[in-house]
Structure formats: structure tokens, C-alpha cells
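Below is one structure, written out as C-alpha cells, with a few remarks after it.
A short reminder: the numbers here are calculations on the coordinates, not readings from a lab. What you see is a predicted model; the values in this text were computed from it and never measured. Glycine also receives a Cβ, built like all others from the backbone with ideal geometry; neighbour counts cover every protein chain displayed.
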Amino acid sequence: MLGFVSSALELLLYLAGMLAPLEPAAVSVKPAPVFEVPEPGSRAASRVLARLDKVEASLVTTKYQHRTRVRPREGYYAWDCSAMVSWILQRAAPKAYEAIDRDRPVAISYVRMIKYAPSKRSRDGWKRIAHIEDIRPGDIFAWKRPPDFPSESTGHVGFILSAPRPVPELPGAYKVRIADASSFTHEDDTREESGDGGYGEGTILFHTDGEGQGVAYGWYGNTTGLIETPIYFGRVTR
């Protein structure tokens, strides 16, 4: 069974290759799990997915950096997680993007936007997804940086690409395919581990409280421990 890491630094050291995995990897090689890809929950979410497809199709070079440099015709995408999400939303869900009261939204901006959005209806182009089993492709996940996390970022944000897949050995946990911009890869990631990071797609694990609300994440699926922090899921509607 997965355990919670004692420090967020432990996870960073593992991702940097300075620590062994928290649990030994299985000896037998299993095929990658198949994720269900249902219809998006809104037209705006469909447009989000179409934009992500264009990025993936045109991608030649990508880097993780806080200074955004995007040249789609050249397939060049250099950005961080919040800049990637903002770039996509400006083109796919402009009303939802405009509702964020910040010139340059960061991860915590998306956390707050989703946290206070209604779950029964949409407001200002945003709807909060109250239960993880209701997330759909094109939805957004966001979390605030844990208090002891040794990073200058305010958290992390990205897009959902699949339906959540329960993890039988860990009740309340789900694996999900996601798209984000990061300096570290996830499980079954499209980025090279030794590369410069940037845009990519991978598998992440979300742990919930039994009522479908996210309380922790496993950055690299279920081969690392869990980092505790509230996780929010939202849907753009316009």
C-alpha cells in the first residue's frame, strides 16, 4: 500500500534521481492500463481538448520555464504549468479565463477560482466538480503548494485527459491521464526523463477522502508516496 511521504523534499529528491523509489518496483512488466475517455462535460472543454491536440500534433521543442515563449508554427512551447493552462483557456474558453482577476494567473489563482465556484451550476464560466468520479476530459485540476514544499511555485495546475481509474489496492485512490507543463515526468509520460520538461501527458494518482474530494497526489502514479494537499477539480463552460 502507498504511504504518505514524510517530507515533500523526499519526493523532489526521488524525482531528481537522488533517492530510490519509496516502494520497490514490481519485477514483472505489466501492460499500461487502458483509460476510458468519455465525452467532455461542456463545449468549452471540447475546445480545450482540441487545442491540446493541436499542441501535441505540432510539438517539436518544449521546455519548462517561467518565462513564456510560444511559437506554434515552429512547434516551440516553453512555459510553466499555469502559463500553459492560461494559453489554452485564452483560446478555448476566453470568458472563463477573463473571470480570473489576475493579469498573469498562477496555480493558486486556479485553485481559488475552482474552490469557490458552484458545483450545481456554472458561474463566470466555471463549475466545481464535487466528486472525482464526475471529472471528464478537458476539465482542470489544481492544488496549492504544500506548506513544507521546497519550491517557489504556488502549486500545480493542468488538464484532465481521461476518466478516473480506481486503484484497487488503495481505496479512495484514482489514476488519471493528464496534460501539464512540468520539469518532472509522471508515470507513462510522453516527455523524456532527461529532457527539459515542458508540455507533456502522463499518469498521476489522486487520493480522495472517501467523499470524492482530493486530499493528496502521487506525482508518479503509485511508485512514490503521496503528498498531502487539497486538490480541486473544475470545468470551464464558456
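Helices in the chain, meaning DSSP H runs of at least 4 residues, each add -39500 (n - 2.57). Divided by all residues, the mean residue ellipticity at 222 nm is -6000 deg cm²/dmol. When the expected Rg is taken as 2.2 N^0.38 Å, what fraction or multiple of it is the alpha-carbon Rg of the range 120-238? Here the answer is 1.03, to two decimals. Quick one: Debye curve from the alpha-carbon atoms of the range 34-99 only, equal weights, vacuum; give me log10 I(q)/I(0) at q = 0.19, 0.24 Å⁻¹ to two decimals. Cα-only, vacuum Debye calculation for the range 34-99: -0.80, -1.08.
Proximity of backbone amide H atoms, modeled 1.01 Å from N, is registered between Thr229 and Ala216, Tyr217 at under 5 Å, excluding neighbours fewer than 5 places apart on the same chain. The equivalent ellipsoid of the range 134-189 has semi-axes of 21, 15, 12 Å, largest first, where each one is the square root of 5 times an eigenvalue of the Cα gyration tensor.
Loop-located trypsin sites (Lys or Arg not before Pro) in the range 66-163 (DSSP state not H, G, I, E or B) with no more than 15 neighbouring Cβ atoms inside 10 Å: Arg67, Arg102, Lys120, Arg121.
Put a dot 7 Å past the Cα of His66, heading toward its Cβ, do the same for Leu170, and the two dots end up 2.9 nm apart.
The residues packed around Arg112, meaning those with a beta-carbon under 11 Å from its beta-carbon, carry a net charge of +2 if Lys and Arg are +1 and Asp and Glu are -1. Taking the Cα centre of the range 83-187 as the origin and placing charges on Cβ (Lys, Arg +1; Asp, Glu -1), which of Ser153, Ser182, Val106 is farthest toward the positive end of the dipole? Of Ser153, Ser182, Val106, it is Val106. Dipole magnitude for the range 100-238: about 920 debye, using +1 per Lys or Arg Cβ and -1 per Asp or Glu Cβ, origin at the Cα centre. For the range 34-41, backbone phi angles converted through the Karplus equation (6.51, -1.76, 1.60; θ = phi - 60°) give residue-by-residue couplings of 8, 9, 6, 10, x, 5, x, x Hz, Gly and Pro being listed as x. Normalise the Debye intensity by I(0) for the range 102-159, one equal point scatterer per Cα, no solvent, then take log10 at q = 0.16, 0.20, 0.28, 0.29 Å⁻¹ and round to two decimals. For the range 102-159 at q = 0.16, 0.20, 0.28, 0.29 Å⁻¹, log10 I(q)/I(0) is -0.54, -0.80, -1.23, -1.27. Pairs from the list Lys95/Lys175; Lys63/Lys127; Lys63/Lys115; Lys144/Lys175; Lys120/Lys144; Lys63/Lys95 with a Cα-Cα gap above 25 Å: Lys95/Lys175; Lys63/Lys127; Lys63/Lys115; Lys63/Lys95. Just so you know, the Rg over Rh for the range 65-156 is 0.98, from Cα atoms, with Rh as the Kirkwood radius.
Anyone know which of Asp101, Asp196, Asp134 comes out most mobile in the 10 Å Cα GNM of the chain? Greatest mean-square fluctuation among the candidates belongs to Asp101.
How many percent of the alpha carbon pairs in the range 174-238 exceed a separation of 17 Å? Show your work: numbers first, answer last.
Details: 949 of 2080 pairs.
More than 17 Å apart: 46 percent of the Cα pairs in the range 174-238.
Of the candidates Ser86, Ser183, Ser122, which one comes out as most mobile in a Gaussian network treatment of the chain with C-alpha springs shorter than 10 Å? Sorting by GNM fluctuation, first place goes to Ser122. Taking GluC sites (Glu not before Pro) as exposed when DSSP calls them loop and at most 16 other C-beta atoms lie within 10 angstrom, the chain has its longest site-free stretch at 37-151.
Each other residue within a Cβ distance under 12 Å of Gly158 adds +1 if Lys or Arg and -1 if Asp or Glu, for a net charge of -3.
Reducing the range 31-92 and the range 208-238 to their Cα centroids gives an inter-centroid distance of 20 Å. Taking 37 °C and 0.692 mPa s as conditions, the chain diffuses translationally at an estimated 184 µm²/s according to Stokes-Einstein applied to its Kirkwood radius (Cα pairs).
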